[in-house]
Amino acid sequence: MENIGGDILPILESIENEKGLSKGTILKLIEQSILSAFKRHNNKFMNVRATVGLDGAINLFCSKTIVDKVSDSNKEISIEDALEINKNAKIGEEIETNIAIESFGRIAAQTAKQVIIQKIRETEREKVYKEYKGKEGNIISGYISKMINETAIIYLDKVEAILPYSEQIEKESYYQGEFLKACILRIEDDSRGVKLILSRKSSLFLKKLLEMEVPEVNEGIIEIKNIVRTAGERAKVSVLSKNSNIDPVGSIVGVKGVRIKNIIDEFSGERIDLVIYDEDPKKYIENALKPANINDIKLNLKEKSAEVFLDEKELPIAIGKKGINVKLAARLTGWHIDVKTGPEKI
């Protein structure tokens with residue numbers, strides 16, 4: 001018999017209370033690990049069982065067949081020896097005998113300690129993962145702990161939040177100690193721990209900010225149908241009011257533009273176009289291309305494409321700087337948009 005190192009009951013109770021893992025589960029894991037370690041060091045025994053008591057005592061047992069004459073002592077036991085263990089023993093039955101741990105005792109004790117430590121880490125990691133799983137899109141904020149190859153690292157309670165370069169707004173730059181706000185893009189869990197991958201480019205970030213800033217959006221009175229962004233430059237948000245008395249655009253803009261200004265400031269001046277959603281594709285596309293004035297729209301339903309006709313002076317407005325306006329309108333509506341000059345009126 002070997003000992004892990006004294007009474008382990010307080011340790012197990014602490015794990016049970018803090019990590020939510022039962023004493024029995026941990027003991028079973030320790031026993032399985034000790035058994036696995038023993039078999040690696042000594043494979044001559046068959047049908048071996050390990051036990052760990054709450055006092056830290058480790059025992060190994062081997063099941064042997066009771067025979068009249070022993071030919072393999074690793075698998076068999078004589079009836080005489082069996083009777084000393086159990087006076088009712090009979091030839092042909094199985095009986096457990098205690099295995100002398102000897103030099104393996106130190107390895108067994110160390111294995112048990114490692115299992116406890118590892119399980120604490122795993123349980124903590126699982127707990128953190130469950131806490132954040134399903135919170136994609138939620139906004140977190142904190143101070144940048146360090147910058148590694150243009151990646152911003154924020155250490156939160158028991159979890160590391162990472163804003164990779166690919167999810168940063170290009171015109172922005174970040175530095176250690178800066179207060180940063182971003183949305184959770186995804187949660188990663190590996191042997192090194194749980195990591196929150198953040199984004200400031202994602203449409204999720206803008207959607208969550210709108211929910212936070214505009215009560216009507218948060219309450220579902222104003223529905224956000226779609227959001228598309230060229231982060232740092234321009235975004236389009238299609239909205240629909242479920243209450244005919246509430247103007248979705250006016251509500252989001254707020255008195256003197258204060259609501260939308262708070263969001264624009266967070267995005268370093270990114271322009272945000274609020275687009276009224278419409279079931280009619282022509283009307284929806286027209287709204288998405290504003291502030292350009294449209295003369296006519298012809299739809300190809302099979303290819304889901306639209307020819308948009310407007311005056312020549314409206315063409316630069318519809319296309320936008322670097323083509324951003326028409327590209328975002330196409331992404332927002334889901335229609336391929338071809339802008340042309342033409343005299344036809346809507």
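Restricting attention to segment 268-291, the residues that are over 35 Å from the mean Cα position of the chain (by Cα) and at pLDDT below 95 total 2.
Those residues that are of a type in the set (A, V, I, L, M, F, W, C) and either more than 16 Å from Lys304 (Cα to Cα) or touching a Gly at 6+ places or on another chain (Cβ under 9 Å) (or both), I need them from segment 262-285; list them, please. Selection gives Ile263, Ile264, Phe267, Ile272, Leu274, Val275, Ile276.
A quick yes/no check of all residues on (1) under 30 Å from Tyr284 (Cα atoms); (2) at pLDDT below 95; (3) part of a strand (DSSP E or B); (4) touching a Phe, Trp or Tyr at 6+ places or on another chain (Cβ under 6 Å):
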| residue | (1), (2), (3), (4) |
| --- | --- |
| Ile169 | yes, yes, no, no |
| Lys195 | no, yes, yes, no |
| Leu198 | no, no, yes, no |
| Met212 | yes, yes, no, no |
| Asn226 | yes, no, yes, no |
| Gly232 | yes, yes, no, no |
| Leu240 | yes, no, yes, yes |
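Rundown of residues vs (1) open to solvent by less than 70 Å² (accessible area, probe 1.4 Å); (2) assigned to a loop (DSSP other than H, G, I, E, B), yes/no style:
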site	(1), (2)
Asn243	yes, yes
Ile246	yes, yes
Asp265	no, no
Asp278	yes, yes
Lys282	no, no
Phe309	yes, no
Ala318	yes, no
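From the list Glu213, Glu131, Glu223, the lone residue that is surrounded by 14 or more Cβ atoms within 10 Å (Cβ to Cβ) and within 16 Å of the chain's Cα centre (by Cα) is Glu131. Residue count for segment 150-167 under the criterion of being open to solvent by 30 Å² or more (accessible area, probe 1.4 Å) and touching a Gly at 6+ places or on another chain (Cβ under 9 Å): the result is 4. Residues in segment 292-306 that are touching a residue at least 40 places away in the same chain (Cβ under 8 Å) and assigned to a loop (DSSP other than H, G, I, E, B) were compared, and the one that is nearest to Lys327 (Cα to Cα) is Ile294. Considering Glu286, Glu266, Glu270, the condition of being over 20 Å from Gly232 (Cβ atoms), touching a residue at least 60 places away in the same chain (Cβ under 8 Å) and out of contact with any Lys or Arg (no Cβ under 6 Å at 6 or more places or on another chain) is satisfied by Glu286 alone.
The values are calculated or read from the model by the stated rules, or taken from the named source; none is laboratory data. Small disclaimer: the values here were computed from a predicted structure and weren't measured. All Cβ positions, even for glycine, are placed from backbone atoms using ideal geometry, and neighbour counts span all protein chains on display. The area values use the complete protein model at the heavy-atom level, side chains included, leaving out ligands, DNA and RNA. Shrake-Rupley method; radii C 1.70, N 1.55, O 1.52, S 1.80 Å.
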